[in-house]
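The values are calculated or read from the model by the stated rules, or taken from the named source; none is laboratory data. The shown structure was predicted, so the numbers you read here are calculated from the model rather than taken from an experiment. Don't worry about glycine lacking a Cβ; one is built from the backbone with ideal geometry, like all the others, and counts go over all protein chains shown.
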Amino acid sequence: MAEADPVAGASRVTGAGTVTGAGRATGRIHSWDLSTGVDGPGTRFVLFLSGCPLRCLYCANPDTWHMRDGRETGVDEVMAEIDKYRAFIATAGGGVTLTGGEALLQPAFTASLLRRCKEAGLHTALDTSGFLGARATDELLADTDLVLLDIKSFDVTTYRKLTGGELAPTLGFATRLDRLGIPMWIRYVLVPGWTDDPAAVDGLGAFLAGLGSVDRVDVLPFHKLGAHKYDALGIPFPLRDTPTPTSELTERVREQFREHGLRAL
């Protein structure tokens with residue numbers, strides 16, 4: 001049964017994922033895909049969960065915003081799909097990445113999937129904005145080998161305008177991950193006029209330099225590949241007229257992170 005979620009008017013499954021016997025959970029998923037090199041190390045089975053509390057202006061997947069639009073699925077069903085590719089992704093040094101939407105909007109389902117993947121000997125990654133980091137239990141994080149943490153901006157006002165949410169929970173989650181020694185890949189989407197402010201980039205670089213478990217910072221140039229999804233859904237794409245960043249701007253931002261001793265790609 002779905003009910004209103006107090007976070008940004010989203011919806012969730014009762015109990016943030018319906019748990020049945022022996023800890024098996026059901027949740028709502030949008031789709032899955034295979035990728036190499038962009039969603040964690042090696043070849044990954046990437047599961048897109050439905051539902052997100054943020055409304056990022058550059059979001060490429062508006063079709064994952066609402067949990068009600070996802071397909072209710074059990075952990076056993078997901079694991080059966082993963083098993084078809086298990087040997088391939090393991091041989092390719094990969095694993096399973098849970099993303100969305102926002103996987104922590106369904107923490108019970110996410111935790112059950114991570115546990116099962118670990119039991120199967122698969123590397124696990126969680127792609128999250130960190131906005132709902134408080135919903136991740138220590139047990140869930142113990143089954144997470146890598147967190148792909150999306151930090152949208154280091155300027156509080158810009159973050160709010162860009163996402164509709166608050167920055168503090170994400171920074172708190174990053175600090176917690178560091179305390180637990182969980183490796184992080186930071187994702188920073190570079191949007192001209194929004195996230196290219198040198199002072200904000202330097203501020204984020206200084207913050208990340210103080211965290212020992214940050215392995216790398218991925219500066220991801222803003223793109224418009226999801227614009228057709230907005231058209232199909234009949235909603236405006238807010239950044240349709242925003243230019244994509246030049247290679248020079250992208251390299252400038254990467255170099256700013258490197259100046260803080262960070263590995264920036």
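General observations
Here is a yes/no grid of residues against (1) touching a helix residue (DSSP H, G or I) at 6+ places or on another chain (Cβ under 8 Å); (2) at pLDDT below 95; (3) farther than 27 Å from K161 by Cβ:
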residue: C56; (1), (2), (3): yes, no, no
residue: M79; (1), (2), (3): yes, no, yes
residue: D83; (1), (2), (3): no, no, yes
residue: L104; (1), (2), (3): yes, no, no
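- Some residue of the stretch 130-153 being closer than 21 Å to T195 by Cα and part of a helix (DSSP H, G or I): no
- If the condition is being in a loop (DSSP other than H, G, I, E, B) and among the polar types (S, T, N, Q), then the stretch 98-129 contributes Q106, S129.
- Yes/no for G40 being at pLDDT 95 or above, closer than 30 Å to A92 by Cα and in a strand (DSSP E or B): no
- One residue from A16, A92, A22 being more than 23 Å from T137 (Cα to Cα) and at pLDDT below 95: A92
- Only one entry in A174, A168, A206 is surrounded by 21 or more Cβ atoms within 10 Å (Cβ to Cβ), at pLDDT 95 or above and closer than 15 Å to S153 by Cβ, namely A174.
- Listing of helices (runs of 4 or more DSSP H) fully contained in the stretch 167-265 that carry 2 or more residues being in contact with a strand residue (DSSP E or B) (Cβ under 9 Å, 6 or more places away or on another chain) and closer than 22 Å to A125 by Cα: 168-180
- Residue match in the stretch 220-234 (condition: surrounded by 15 or more Cβ atoms within 10 Å (Cβ to Cβ), under 17 Å from Q256 (Cα atoms) and more than 17 Å from the chain's Cα centre (by Cα)): no
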